[in-house]
1. Tell me the mean residue ellipticity at 222 nm calculated for the chain from its helices only (DSSP H runs of n ≥ 4, each -39500 (n - 2.57), averaged over every residue, nearest 500).
2. Excluding residues on the same chain fewer than 8 positions from K94, give the aspartates and glutamates whose Cα lies under 18 Å from its Cα.
3. Does a label point 7 Å from the Cα of D57, set along Cα-to-beta-carbon, have any residues of the stretch 83-98 with amide nitrogen under 19 Å, and which are they?
4. Taking square-rooted eigenvalues a ≥ b ≥ c of the alpha carbon gyration tensor, is the chain rounded, prolate or oblate, where a/c under 1.5 means rounded and, failing that, a/b exceeding b/c means prolate?
5. Would you order S62, S67 from fewest to most other beta-carbon atoms within 10 Å of each residue's own beta-carbon?
6. Nearest 20 debye, what's the magnitude of the dipole of the chain about its Cα centre given +1 on Lys and Arg Cβ and -1 on Asp and Glu Cβ?
7. Could you please rank D60, D20, placing first whichever residue has the fewest other Cβ atoms within 10 Å of its Cβ?
Amino acid sequence: MVSATHFDDLLAEIRGEYLDARRQASLSGQISQLEPAEAAGRLVREHRKKQGQSLQDLCDLSGVAYSTLSKIEHGHRSVRLGKLQKVLNALGLKLWIG
């Protein structure tokens with residue numbers, strides 16, 4: 001038999017997983033409506049922040065200039081693919097074009 005406390009803990013865990021899934025679905029829907037450059041920029045910013053890196057930290061790791069990294073995160077289309085690849089590599093991400 002499951003105690004009331006254990007049941008409440010399980011319910012709280014399920015509720016948390018549900019809210020996380022809703023947030024992920026919302027982000028996926030937003031990203032699918034963006035231009036590819038904007039989506040890439042949002043992804044770079046999100047992963048940089050998750051890893052606790054500043055813009056300067058990522059510049060140092062990737063070898064990409066601060067201004068270029070800022071352009072990437074803001075979705076500018078004028079950034080060279082090679083620069084984006086360096087940033088993604090520094091974040092541990094892979095570039096997939098398809």
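1. Estimated from H runs of four or more residues: -23000 deg cm²/dmol.
2. E38, E46, E73
3. 86-94
4. It is prolate, given that a/c is not under 1.5 and a/b is the larger ratio.
5. So the residues, fewest neighbours to most, are S67, S62.
6. About 620 debye.
7. If I rank by nearby Cβ atoms, fewest first, I get D20, D60.
FYI, it's all coordinate maths here, none of it is from the lab. Owing to the predicted nature of the structure, the values given are computational and were not obtained by experimental measurement. Please note: Cβ atoms are built from the backbone with ideal geometry, for glycine as well, and neighbour counts cover all protein chains shown.
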